[in-house]
Amino acid sequence: MSETTYSPNLSILSVEDAMVHFPLAYPLLDRLQGKPRKYVQALNGVRLEMQRGETLGIVGESGCGKSTLARAMVGLLETSDGKIRFNGKDISALQGKARRSFNRQVQMIFQDPYSSLNPRMTVGQMLTEALSVHNMCPKAQIPARILELMELVRLPADAIDKLPHEFSGGQRQRIGISRALAVQPDVLIADELVSALDVSVQAQVVNLLLDLQQKLSLSVLFVAHDLRLVRHISHRVAVMYLGEVVEVGDTETLYQTPLHPYTQALLNAAPSMDPNERGKNVSLTGELPSPLSPPSGCRFHTRCPHVTERCRTERPILAQKPGGQHVACHLV
Ligand code: SF4
């Protein structure tokens, strides 16, 4: 885990009861029959604080809303309800200079850097463009700044004159990171940053990110489905299930004593985790329900071995427990 001391209670990005519902097509027949329009409930009242200088990991099964949350936090998706605040300001209300400043300060690094890099621009041209658009330094200093960025992401100087197709997947991720760093952001949002890379390359890119986070005091949101990687890099971890955060806490506490039955099951399902470090022996059974018609009450109740009648009707609130974790479960 990162050893940088971050500043607890100094929130840089906060998510307040965020809802993201995607409308489905509304067939004429349904309209004529007066049937309500259907929505995919991708985020359902998510509350989460990202502290200045921390790496916050987000884990959960595919389809749990991790990427939707990441995109909402970087301003690529509007929330249907609730707010996302950057340094206390509602990002949906930012306009003009304030919006451009937010766009510079919160940068996203994508899973597939190839699709986000212009295939006809060399690395040097891409970085020159990023530095010029945001007026990051005088024109004469751009070449020196580009060399600095290459060093930061551990790419050789001759990479500057090459095109994206001349690099490996791991090197392309480094180029994506250098482009994000060119505008000196405060926050990096990394959505499945390394999941398309070979395991050996994954470790190199994750260690680079860890190093950069410490060196530049960045706040990093690290979205991944690999629980070991998330543990390695994160100060705190949030566990998502079907569009909701069910547990959030300090990484080691959460991995050693998971409190929510879903967190326990998720850790149990990870093949390489040390069994002595897990909580109660709960295994994950059944499919993730559809976000089109999620279960009532606690959304995990259809798969939870501890389900009670109350769980089927009453949604548990994410509340702080004596160990410091926040957990949404009636039994904890
Ligand atoms: Fe299980 Fe009930 Fe807790 Fe949900 S609220 S996780 S169903 S015990």
Which of the residues spanning region 291-306 are near the ligand (Cβ under 9 Å from one of its atoms) and either open to solvent by 50 Å² or more (accessible area, probe 1.4 Å) or β-branched (Val, Ile, Thr) (or both)? Thr302, Pro305, His306
For region 304-332, name all the residues that are assigned to a loop (DSSP other than H, G, I, E, B), modelled with pLDDT of 95 or more and charged (D, E, K, R). Glu314, Arg315
Sole miss for Leu288 among (1) over 24 Å from Gln41 (Cα atoms); (2) open to solvent by less than 50 Å² (accessible area, probe 1.4 Å); (3) at pLDDT below 90 is condition (1)
Determine, yes or no, whether Ile175 is open to solvent by less than 10 Å² (accessible area, probe 1.4 Å), at pLDDT 90 or above and within 18 Å of Pro119 (Cα to Cα). yes
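What tally of residues in region 178-195 results from selecting those that are assigned to a helix (DSSP H, G or I), open to solvent by 10 Å² or more (accessible area, probe 1.4 Å) and closer than 16 Å to Phe222 by Cβ?
To start, the set of residues in region 178-195 that are assigned to a helix (DSSP H, G or I) comprises 178-182.
If we keep only those that are open to solvent by 10 Å² or more (accessible area, probe 1.4 Å) as well, we get 179.
Of the ones still in play, those that are also closer than 16 Å to Phe222 by Cβ are none.
Residues that pass the stated criteria total 0.
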Quick check, is Leu94 hydrophobic (A, V, I, L, M, F, W, C) and in contact with a helix residue (DSSP H, G or I) (Cβ under 8 Å, 6 or more places away or on another chain)? yes
Taking only pairs six or more apart or across chains, which ones have beta-carbon atoms under 9 Å, a first residue in region 307-332 that is of a type outside the set (Asp, Glu) and more than 13 Å from the ligand (Cβ to nearest atom), and a second residue that is open to solvent by less than 40 Å² (accessible area, probe 1.4 Å) and in a loop (DSSP other than H, G, I, E, B)? Gln325/Pro258; Gln325/His260
Among residues belonging to region 196-232 that are in a helix (DSSP H, G or I) and of a type in the set (S, T, N, Q), point out the one that is least open to solvent (accessible area, probe 1.4 Å). Gln213
Taking region 233-251 as the search range and keeping residues that are out of contact with any helix residue (DSSP H, G or I) (no Cβ under 7 Å at 6 or more places or on another chain) and part of a strand (DSSP E or B), which one is nearest to Pro291 (Cα to Cα)? Glu244
Give just the number: which of (1) assigned to a loop (DSSP other than H, G, I, E, B); (2) within 9 Å of the ligand (Cβ to nearest atom) does Leu288 not satisfy? (2)
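Filter region 50-77 down to the residues that are closer than 21 Å to His232 by Cα and over 12 Å from the mean Cα position of the chain (by Cα) and list them by number. Explain how you work it out, then say what you get.
Our first condition is that a residue be closer than 21 Å to His232 by Cα; within region 50-77, this holds for 50-62, 66-67, 70.
Listed by number, the residues that qualify are Gln51, Arg52, Gly53, Glu54, Glu61, Ser62.
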Considering only region 91-134, state which residues are assigned to a helix (DSSP H, G or I), of a type outside the set (A, V, I, L, M) and open to solvent by 70 Å² or more (accessible area, probe 1.4 Å). Ser92, Lys97, Arg100, Tyr114, Ser115, Gln125, Glu129
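The values are calculated or read from the model by the stated rules, or taken from the named source; none is laboratory data. For clarity, every value in this text was computed on a predicted model and none was experimentally measured. Every residue, glycine as well, gets a Cβ built from its backbone with ideal geometry; the counts of neighbours run over all protein chains shown. Calculation scope for accessible area: heavy atoms of the full protein, side chains included, ligands and nucleic acids excluded. Shrake-Rupley method; radii C 1.70, N 1.55, O 1.52, S 1.80 Å.
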